[in-house]
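*Asks:* Once you've had a glance at the structure underneath, I'll fire off some questions.
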Amino acid sequence: MGGNEEIGRMLRYMKESREENATDEATKRMHGYTERIKIRPEVRRSYMLWEEYVEEWKEEGREEGLRQAIQDLLERHGNIPGRVIKRLQEENDFQILRSWLQLAAGAESMEDFELEITTNA
């Protein structure tokens, strides 16, 4: 019977590789190994739970949507300079992008917008 319990604990841990699911020596060793591997960025995503991945994907989508909305608003002032597009693409903070959307909506010109985002950075 003991083997079945150990297998069950290992399977539970493998389903959700979280510290609280490492309940015996074998799963604790597995957890230590998993945590060391997760540090590598290229491997980290593959160990994320599906829900975490979906949430991250949603966040990235919201940020991209804000960037697009900002660009749409700025295009009414003409071509968007490459440096402004680059700055938009480099910004990953959702709250900053939201404030930039408001600035873009109220900007009198491209120069006004660019001045605001560079002086309030």
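*Asks:* Which numbered condition in (1) at pLDDT 85 or above; (2) assigned to a helix (DSSP H, G or I) is the only one that Asn79 fails?
*Replies:* Result: Asn79 fails condition (2) only.
*Asks:* Would it be correct to say that Glu52 is surrounded by 14 or more Cβ atoms within 10 Å (Cβ to Cβ) and within 30 Å of Ser17 (Cβ to Cβ)?
*Replies:* Working: surrounded by 14 or more Cβ atoms within 10 Å (Cβ to Cβ): no; within 30 Å of Ser17 (Cβ to Cβ): yes.
Taking the combined requirement at face value, the residue does not satisfy it.
*Asks:* Can you tell which of Gln102, Gln71 is closer than 13 Å to Asn120 by Cβ, assigned to a helix (DSSP H, G or I) and of a type in the set (S, T, N, Q)?
*Replies:* Gln102
*Asks:* Can you spot a residue in region 36-49 that is loosely packed, with under 11 Cβ neighbours inside 10 Å, of a type in the set (Phe, Trp, Tyr) and either modelled with pLDDT under 75 or under 25 Å from Met14 (Cα atoms) (or both)?
*Replies:* There is no residue in region 36-49 that is loosely packed, with under 11 Cβ neighbours inside 10 Å, of a type in the set (Phe, Trp, Tyr) and either modelled with pLDDT under 75 or under 25 Å from Met14 (Cα atoms) (or both).
*Asks:* Would it be correct to say that Glu108 is more than 30 Å from Glu16 (Cβ to Cβ), among the acidic types (Asp, Glu) and not in a helix (DSSP H, G or I)? Reasoning before the result, please.
*Replies:* Details: more than 30 Å from Glu16 (Cβ to Cβ): yes; among the acidic types (Asp, Glu): yes; not in a helix (DSSP H, G or I): yes.
Yes: the conditions hold for Glu108.
*Asks:* So which residues in region 84-117 are out of contact with any Gly (no Cβ under 7 Å at 6 or more places or on another chain), more than 18 Å from Arg62 (Cα to Cα) and either touching a residue at least 12 places away in the same chain (Cβ under 8 Å) or surrounded by 15 or more Cβ atoms within 10 Å (Cβ to Cβ) (or both), if there are any at all?
*Replies:* Within region 84-117, Val84, Ala107, Ser109, Phe113, Glu114, Glu116, Ile117 qualify.
*Asks:* Quick one: what pairs do we get from region 15-31, first residue farther than 13 Å from Glu5 by Cα, second assigned to a loop (DSSP other than H, G, I, E, B) and hydrophobic (A, V, I, L, M, F, W, C), C-beta under 9 Å, 6+ apart or different chains?
*Replies:* From region 15-31, the pairs are Glu16/Leu49; Ser17/Leu49; Arg18/Leu49; Lys28/Ala22; Arg29/Ala22; Met30/Ala22; His31/Ala22.
*Asks:* Being part of a helix (DSSP H, G or I) and modelled with pLDDT under 80, is that true of even one residue in region 14-28? If you could, list the steps in order and put the result at the bottom.
*Replies:* So in region 14-28, the residues part of a helix (DSSP H, G or I) come out as 14-15, 19-21, 25-28.
Filter again for modelled with pLDDT under 80, leaving 14-15.
Yes: region 14-28 contains one or more residues that are part of a helix (DSSP H, G or I) and modelled with pLDDT under 80.
The values are calculated or read from the model by the stated rules, or taken from the named source; none is laboratory data. Every value quoted in this text rests on a predicted model; they were computed, and no experiment measured them. Here the Cβ is made from the backbone with ideal geometry for all residues, glycine too, and neighbour counts use every protein chain on show.
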